[in-house]
Every structure is written in C-alpha cells, then in structure tokens.
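See below for the structure under consideration.
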Amino acid sequence: MTETSVLQPVVILVRPQMGENIGAAARAMLNFGLTEMRLVDPRDGWPNPRAVAMASGAAGQVLDRARVFPTLAEAMFDVDHAYATTARGRELTKPVHTPATAMAEARGLAAEGHRVGLIFGPERAGLENDDIARANAIVTVPVNPDFPSLNLAQAVLLMGYEWGRDALPAQPAPAAKRPPGEVPATRLEIEKLADHWEEKLTEARFFFPPEKAAPMRLTLRNLWSRLPLTRADVQILHGMLRQLTWKTRAD
C-alpha cells in the first residue's frame, strides 16, 4: 500500500458538549490532513451552528462530512484498533502510550490496511471506563501533574500532529527568495548607511540624554546589521534621510 493510500485515523468525539469545541477540533484535524469525524451522542444535537462558526472556512468540510452515532460501539463499526485519550482508566489492563508512541504504532497499523480510531471524551469529565474498555490502548499526554487538563481541541491537535509529523516539513518554510536583479548590500554599504543615520540623528539631538547615547547608538547599529538589506534598500534609505534633513532645514 502506498503512502498516499494509507487509511487516515477516524476521530471520534464521545458525548461532546459545546459546539465551539467540536468546531475547534475540526480545525485541529484539518491542520494535519485528518477529515473523518464521528460524533457520539452530542449534547446539543447535530448540526450545531456554533461548531460551524468556530470551524471557520475550510475546516467546515470536516463538519459537513461528520457522522453522528448513538453509541461508541456503533461509531467504531469499522475500527480495527482504537486509542482512548485519557488520564483515567489506568485500572484497566491496557498498553499506555504517549501521543508520539501511539501514532508511531498507528502509522504502522494503517500502512498494513488497518483502520485506526482516536477516541476523545466529553469536555467536563473525559471518557468513562465503559468507553475506555472498548479501546485497545490508552494515550496519556505527559503534562504538568499540577494541571493535567487539556481542552478537547488541544488533545485532537496533539494527536493530529503526531500522526502527520513524518509528512510535515522538517524545517519551517524557507524565506522568500530575492527577486531576480536584487543585489544584497555589502557590509561596507550597510556601515556607511549606519554612519549616515547616526550623523543626522546626532545633529537632531536624537541621542538624549547623554548617558543613554552610547547604548542607543549600539542598538541602532545592531538594527542595521540584522536587516537583510539590498543595495536598492540602502540607496532609498539614504535618499529618505537626505530628503528629511533638507526639508527640515528648508522649513
């Protein structure tokens, strides 16, 4: 089975309470390419306009395709291997994973053609033991023990990220390339620009009071060296400064 044909996990929200959280979960899913949501007995019925409002745009497609089931057992009708996300249920004898180890295992199962389910509980109390009992394994996020509570959408986002991490870019998107013909300014050109601005700012008594002048000059010099200036940038900044100082003298 090719990578593009690997079955996606099914995201199952059990007895979700607030439409806003369902919409936020849909957004979190689509961030990582997950599109199949199943709802078990949502408290406020379905469809829910608050969920649609929170999904905001493209993530609405996840809600449009969402299916509603009266019980978790029915929602899992085609799921071969399920993970229950919870900090509870440790009294049940099941493997306990972090999101990373769970989704590493899930990717292997999906590559073999197995359908994976990710089960999330209601906002107030989470999954009950009867729900957890239907899962093959438990996923617990290693968080601050003094504040272990996660928002529903946050939990979905964590699992979605770990599921899709191998397909994500290894680094953030590279900076845009310079348009053809743009020549980077040389170090000497940037130094002369900094000297020009420092000279005119000194004349304008910008570096005041005197005891703060040295740190202000250092900060300004550092600013120029950080900017990815082109030769054209340097020329226009020289021109702007000349025009400003000429206008001030003319007035």
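Data table
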quantity: Test result for Thr85, farther than 17 Å from Met29 by Cβ, of a type in the set (S, T, N, Q) and modelled with pLDDT under 95; calculated: no
quantity: Single condition Gln17 does not satisfy, out of (1) buried (at least 23 other Cβ atoms within 10 Å of the Cβ); (2) part of a loop (DSSP other than H, G, I, E, B); calculated: (1)
quantity: Among (1) assigned to a loop (DSSP other than H, G, I, E, B); (2) touching a strand residue (DSSP E or B) at 6+ places or on another chain (Cβ under 8 Å), the one test that Leu109 misses; calculated: (1)
quantity: When residues of region 57-90 are limited to those that are of a type in the set (Gly, Ala, Ser) and closer than 22 Å to Leu150 by Cα, the one surrounded by the fewest Cβ atoms within 10 Å (Cβ to Cβ); calculated: Ala87
quantity: Any hit, region 46-56, residues being surrounded by 13 or more Cβ atoms within 10 Å (Cβ to Cβ), touching a residue at least 40 places away in the same chain (Cβ under 8 Å) and aliphatic (A, V, I, L, M); calculated: no
quantity: Helices (runs of 4 or more DSSP H) contained entirely in region 154-251, each with at least 1 residues that are out of contact with any Leu (no Cβ under 6 Å at 6 or more places or on another chain), surrounded by 11 or more Cβ atoms within 10 Å (Cβ to Cβ) and modelled with pLDDT under 90; calculated: 213-226, 231-250
quantity: Test result for Asp146, within 27 Å of Asn48 (Cβ to Cβ) and surrounded by fewer than 16 Cβ atoms within 10 Å (Cβ to Cβ); calculated: no
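The values are calculated or read from the model by the stated rules, or taken from the named source; none is laboratory data. Given the structure is predicted, the values throughout are model-derived calculations rather than measurements. Note that we place each Cβ from the backbone using ideal geometry, even for glycine, and neighbour counts take in every protein chain shown.
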